[in-house]
Amino acid sequence: MNDTRPKAVCLLSGGMDSTVSAAWASQQYDVYALHVGYGQKAAARERRCAEDVARLLKAREFRVTEVPFLQELGGSALTDARLAIPTGAVSSGEIPITQVPFRNGILLSLAVAWAEAIDAHAVVIGAVEEDSSGYPDCREQFLVALERAVEMGTKPDRDIRIVAPLVHKTKGEIVRLGVELRAPFAASWSCYDEGPLPCNECESCLLRAKGFREAGVQDPLLK
């Protein structure tokens, strides 16, 4: 880290994709890591993992903020205790019940606010469109549109880009990139449930397993 490098605010969920994205960002930016809790069922585990990843990547700062409103809305299996998290590969072209309404839009807005305050050049998010659950706020066209709104809604002397380095990568490509960047996979957590071990049944676990299998790499969480 040095004061001549540009700054980036990295959204760090503690999951595999955000971990690789933050590792990618750390190669060219001073990383300011932001973790957002929104009442998700794996909240405590995700927060611990995000903090560990930020420490291992030597982030300049790690911040946590809470958006309880998303849990209060209900209707998502990730936040609503009345809804069971689906098991198996549930992607079918329809938006799954694990979708949290406009989550990335809200999280990105928080990250942009911090970026504007510290004069950061980028907000980095681990959104994946190509090989994912099909959430609409992970699509490149959404991120491009939001970046345009950021340009219009921040100070004219700021130039904040929304960067999604994994958006068109498969899970296998993401794992291979993470290995190349020495991303701390062992500190990450992808399961929709709290643990102590990954369930290996929810779609997030299955997508993670697919990535490690395609990359020919052992998942350190499953050793």
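The values are calculated or read from the model by the stated rules, or taken from the named source; none is laboratory data. Model, not experiment: these values are computed from the prediction. Every residue, glycine among them, receives a Cβ derived from its backbone with ideal geometry; neighbour counts consider all protein chains shown.
Key figures for this structure:
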{"quantity": "Residue match in segment 151-170 (condition: among the small types (Gly, Ala, Ser), surrounded by 15 or more Cβ atoms within 10 Å (Cβ to Cβ) and either in contact with a Pro (Cβ under 7 Å, 6 or more places away or on another chain) or part of a helix (DSSP H, G or I) (or both))", "calculated": "no"}
{"quantity": "Long-range neighbours under 7 Å by Cβ, at least six apart or interchain, first residue of a type in the set (A, V, I, L, M, F, W, C) within segment 187-203, second exposed (fewer than 15 other Cβ atoms within 10 Å of the Cβ) and in a loop (DSSP other than H, G, I, E, B)", "calculated": "CYS202/THR87"}
{"quantity": "Among the residues listed as GLY195, GLY134, the single one being part of a loop (DSSP other than H, G, I, E, B) and over 15 Å from the mean Cα position of the chain (by Cα)", "calculated": "GLY195"}
{"quantity": "Failed criterion for PHE102 (all others in (1) of a type outside the set (Asp, Glu); (2) on the phi > 0 side of the Ramachandran plot; (3) modelled with pLDDT under 90 hold)", "calculated": "(3)"}
{"quantity": "Scan of segment 21-51 for residues that are aliphatic (A, V, I, L, M), out of contact with any Lys or Arg (no Cβ under 9 Å at 6 or more places or on another chain) and farther than 13 Å from VAL163 by Cα, ordered by number", "calculated": "ALA42, ALA43, ALA44, ALA50"}
{"quantity": "Subset of segment 122-131 (residues that are in contact with a helix residue (DSSP H, G or I) (Cβ under 8 Å, 6 or more places away or on another chain) and either assigned to a loop (DSSP other than H, G, I, E, B) or not aliphatic (A, V, I, L, M) (or both))", "calculated": "ILE125, GLY126, ALA127, VAL128, GLU129, ASP131"}
{"quantity": "Count - residues of segment 100-129 that are of a type in the set (Val, Ile, Thr) and surrounded by fewer than 20 Cβ atoms within 10 Å (Cβ to Cβ)", "calculated": "2"}
{"quantity": "Options GLY74, GLY39, GLY14; residue that is surrounded by 22 or more Cβ atoms within 10 Å (Cβ to Cβ) and at positive phi", "calculated": "GLY14"}
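Conditions tested, residue by residue: (1) touching a Ser or Thr at 6+ places or on another chain (Cβ under 6 Å); (2) in contact (Cβ under 8 Å) with a residue 24 or more places away in the chain; (3) β-branched (Val, Ile, Thr).
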position: CYS10; (1), (2), (3): no, yes, no
position: SER13; (1), (2), (3): no, yes, no
position: TYR32; (1), (2), (3): no, yes, no
position: VAL53; (1), (2), (3): yes, yes, yes
position: ARG63; (1), (2), (3): no, yes, no
position: GLU66; (1), (2), (3): no, yes, no
position: GLY74; (1), (2), (3): no, no, no
